[in-house]
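The next block holds one structure in the form of structure tokens; read it before the comments.
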Amino acid sequence: MKGLAIRNHRAFASGALFLAFAIFFFVTALQYPAGTAAKMGPGYFPRLLAIVLAAIGLVVMFGAMTPAAGREALRKWDFKGLAWITGSVILFGALLFPLGLVGALFVLIMVSSRASPEFTWAGALANAAVLIVLCLAVFVYGLGLPLPVWPSLLN
Amino acid sequence: MDLFHNLAIGFATAAQPANLLYAFLGCLLGTLIGVLPGLGPLATIAMLLPITYALQPDAALIMLAGIYYGAQYGGSTTAIVVNLPGESSSVVTTIDGYQMAKQGRAGVALATAAIGSFFAGCVATLALAALAGPLTATALLFGPKEFFALMILGLILASVLSSGPFIEGIGMVVLGMLLSLVGTDLNSGSQRFAFGIPQLFDGLDFVPLAMGIFGFAEIVKNLEQDDKLSLVTQKITNLFPTRDDFRRMVPAMLRGTALGTLLGVLPGGGAVLSSFASYTLEKKLSRHPEQFGKGAIEGVAGPESANNAGAQTSFIPLLTLGVPSNVVMALMVGAMNIHNIHPGPEVMTKNPTLFWGLIASMWVGNLMLLILNLPLVGLWVKLLTIPYRYLFPAIMVFCSIGVYSINSGTFEVYEAALFCVFGYVLIKLQLPAAPLLLGLVLGPAIEENFRRAMVLSRGDATVLLTSPLSASLLAAAAIAIVLIMLPTIRARREEALQE
């Protein structure tokens with residue numbers, strides 16, 4: 001096994017990501033008329049770009065397998081931190097209308113704070129209180145942005 | 001004189017009390033947020049964007065520009081005091097700035113950065129004002145193929161200058177361009193990649209994407225590496241450079257300003273390239289190169305002047321040609337679009353008060369930074385002692401409200417959440433996000449100009465190479481690619497761009 005083997009796992013995965021996006025865009029673009037170079041349809045440019053991206057993806061993947069490629073592993077993933085942060089944003093979106101800004105912010109701050117290894121309930125609660133007051137003062141009363149402040153049931 | 005007449009219009013706009021107030025607030029808030037470790041200008045602008053939604057377009061732009069300079073300056077403060085660059089443009093400042101701070105000369109380093117930035121800002125504003133007219137006139141001569149070639153050049157240069165392998169940077173640009181195609185095709189009116197989701201008919205919004213990647217995903221990354229900040233806690237007392245300091249910093253400032261002004265104009269250039277180039281230049285020219293890395297004042301004065309000059313002149317291609325030369329400028333495009341301003345040659349002719357007002361306010365902003373920062377240095381340093389566990393939920397809150405406020409809808413919030421995951425994947429794969437955003441912003445214009453050029457030439461692609469202007473722009477792009485592939489330059493680039 002001297003020839004091709006994945007040496008640079010990071011680069012190989014990057015190339016595969018490019019290739020996957022390229023295939024997705026190319027296949028989707030097939031439903032749009034391509035037209036001709038002189039009179040391009042909506043499908044022409046996407047196909048062109050997808051082919052370029054696929055080529056780049058293949059070059060990157062191949063480069064990760066040549067004997068010249070430096071060895072590089074994939075980095076470790078922290079799904080927990082990612083889940084707390086992403087989850088808190090999704091919850092904010094889902095709760096903004098039913099709970100209002102105050103409730104949604106509270107959930108956002110408490111849930112996202114859990115992502116920190118130094119999380120404490122007291123610290124997060126105090127932080128939430130300060131930030132909610134600040135946001136109400138700045139965005140709702142100061143700038144007058146149209147935000148639902150209280151639960152929709154109360155209106 | 002046209003220049004003075006135009007500047008007079010500008011100062012009349014910028015000096016209105018309300019606009020002065022917005023410039024001041026922008027600088028203050030920009031510094032306030034930008035000083036926080038881990039928050040570069042991009043994240044700062046993205047976070048503070050919602051504050052400008054309610055303002056008039058000219059006031060909003062003036063405030064945004066103020067936020068940008070403030071963030072830039074705040075980043076330098078963090079670099080000097082805690083050895084943590086807010087953004088790549090202040091990476092070199094950490095080298096000598098932090099050493100100066102360790103020697104008890106933090107105050108002098110901060111003052112040097114402020115004075116250098118102010119001087120560079122003055123010169124760059126004049127350069128911007130002087131170059132805007134002629135460049136806009138040139139832009140009006142550009143046809144579709146020239147614009148196409150210019151944007152390709154800009155994207156190639158931006159990938160050359162981003163960290164990581166060049167080919168991966170180009171891949172990110174192309175991916176960004178593909179993402180930009182989501183939504184209504186302007187020529188045919190048909191939907192592409194929208195999958196029947198009405199919120200996607202207008203395309204993917206720039207702001208949720210930027211906040212997901214640079215706001216949220218960045219937080220996940222920062223939480224993983226819980227390194228303690230090495231804050232220089234001693235009180236900052238002496239701000240004033242000595243006579244000897246002045247003798248050493250003035251020439252460095254002059255050179256840095258000249259270099260930054262020139263490099264900022266380049267597509268793909270801007271603050272980062274300018275500061276690196278200036279540091280290298282100062283080290284080369286110095287009679288005491290051995291002092292660099294040990295607290296040489298030239299190593300602060302040069303790059304800090306250069307990055308501010310570059311930050312300012314990178315507005316030139318944006319305002320005259322409509323081509324953002326770096327990610328921060330791309331975000332400015334997004335911000336301007338929210339206020340229904342579409343940067344390009346027409347802004348200057350159709351909306352002169354806005355255009356010249358913005359330029360004049362840049363100078364005003366620089367003056368304010370100088371006045372603001374020297375007395376408030378103590379406050380900024382105090383801010384750095386806030387633990388990250390209190391800080392990042394605040395960033396989450398500002399970004400979430402900001403994303404929601406774009407359209408007063410929660411769709412953008414979910415979009416940002418999705419791009420948080422995507423941004424995390426990019427971080428893990430060490431793929432640069434900046435070229436992606438540039439591709440996203442420039443994609444529609446590139447397709448538009450490409451299609452028009454092909455219609456005009458009846459589908460003959462060689463026209464791009466036979467017209468002298470587009471051929472030379474594309475040739476420059478090709479040269480950049482060839483250069484980057486050369487082994488020696490590749491090694492030096494990796495050395496310069498590694499963080």
Out of all the residues in the range B:405-431, which are at the interface with chain A (Cβ under 7 Å from one of its Cβ atoms) and free of Cβ contacts under 8 Å to residues at least 40 places away in the same chain?
B:SER408, B:THR410, B:TYR414, B:LYS428, B:LEU429
Just give me the residues in the range A:73-87 being touching a His at 6+ places or on another chain (Cβ under 8 Å) and either at the interface with chain B (Cβ under 9 Å from one of its Cβ atoms) or free of Cβ contacts under 8 Å to residues at least 12 places away in the same chain (or both), in sequence order.
A:LEU74
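Take the conditions in contact with an Asp or Glu (Cβ under 9 Å, 6 or more places away or on another chain) and within 14 Å of another protein chain (Cβ to nearest Cβ) and apply them to B:ILE386. Does it pass?
no
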Residues that are of a type outside the set (S, T, N, Q), under 29 Å from B:ALA461 (Cβ atoms) and facing chain A (nearest Cβ under 7 Å): does the range B:438-447 have at least one?
yes
Has the range B:321-329 got any residue that is in a helix (DSSP H, G or I), under 14 Å from the mean Cα position of the chain (by Cα), over 24 Å from B:LEU370 (Cβ atoms) and of a type outside the set (S, T, N, Q)?
yes
Say whether the condition of being surrounded by fewer than 16 Cβ atoms within 10 Å (Cβ to Cβ) and farther than 18 Å from B:PHE166 by Cα is met by at least one residue in the range B:426-446.
no
So which residues in the range A:39-68 are surrounded by fewer than 20 Cβ atoms within 10 Å (Cβ to Cβ), free of Cβ contacts under 8 Å to residues at least 12 places away in the same chain and in contact with a Phe, Trp or Tyr (Cβ under 7 Å, 6 or more places away or on another chain)?
A:GLY41
Single match in B:SER180, B:SER162 (criterion: at pLDDT below 90 and in contact with a Pro (Cβ under 7 Å, 6 or more places away or on another chain))
B:SER162
Of the residues in the range B:161-216, those that are more than 7 Å from every other protein chain (Cβ to nearest Cβ) and among the hydroxyl-bearing types (Ser, Thr, Tyr) come to B:SER162, B:SER163, B:SER180, B:THR184
Of the residues in the range A:11-49, how many are part of a helix (DSSP H, G or I), hydroxyl-bearing (Ser, Thr, Tyr) and at the interface with chain B (Cβ under 7 Å from one of its Cβ atoms)?
2
Failed criterion for A:LEU131 (all others in (1) within 8 Å of another protein chain (Cβ to nearest Cβ); (2) closer than 30 Å to B:GLN56 by Cα; (3) modelled with pLDDT under 90 hold)
(3)
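Looking only at residues that are among the small types (Gly, Ala, Ser) and more than 19 Å from the chain's Cα centre (by Cα) in the range B:130-142, which one is surrounded by the most Cβ atoms within 10 Å (Cβ to Cβ)?
Step one: of the range B:130-142, the residues among the small types (Gly, Ala, Ser) are B:130, B:132-133, B:137, B:139.
Filter again for more than 19 Å from the chain's Cα centre (by Cα), leaving B:130, B:133, B:137, B:139.
Numbers: B:ALA130: 14, B:GLY133: 14, B:ALA137: 12, B:ALA139: 20.
Among them, the one singled out is B:ALA139.
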Quick one: in the range B:468-494, which of the residues that are at pLDDT 80 or above and over 24 Å from B:PRO324 (Cβ atoms) is farthest from the other protein chains (Cβ to nearest Cβ)?
B:PRO468
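Going by what's in this entry, would B:CYS399 be described as buried (at least 22 other Cβ atoms within 10 Å of the Cβ) and either at pLDDT 90 or above or more than 11 Å from every other protein chain (Cβ to nearest Cβ) (or both)? Quick ask: steps written out before the conclusion?
Working: buried (at least 22 other Cβ atoms within 10 Å of the Cβ): yes; either at pLDDT 90 or above or more than 11 Å from every other protein chain (Cβ to nearest Cβ) (or both): no.
Taking the combined requirement at face value, the residue does not satisfy it.
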For the range B:270-303, which residues satisfy the criterion of being under 28 Å from B:LEU135 (Cα atoms) and touching a Ser or Thr at 6+ places or on another chain (Cβ under 6 Å)?
B:GLY270, B:ALA271, B:VAL272, B:SER275, B:GLY302, B:PRO303
Considering only residues that are among the β-branched types (Val, Ile, Thr) and at the interface with chain B (Cβ under 9 Å from one of its Cβ atoms), look in the range A:88-110 and name the one that is surrounded by the fewest Cβ atoms within 10 Å (Cβ to Cβ).
A:ILE90
Of the residues B:ASP205, B:ASP185, only one is among the charged types (D, E, K, R), touching a residue at least 24 places away in the same chain (Cβ under 8 Å) and over 23 Å from A:LEU58 (Cα atoms); which?
B:ASP205
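The values are calculated or read from the model by the stated rules, or taken from the named source; none is laboratory data. Not measured: the values here are computed from a predicted model. As a convention, Cβ positions derive from the backbone with ideal geometry for all residues, glycine included, and neighbour counts pool all protein chains shown.
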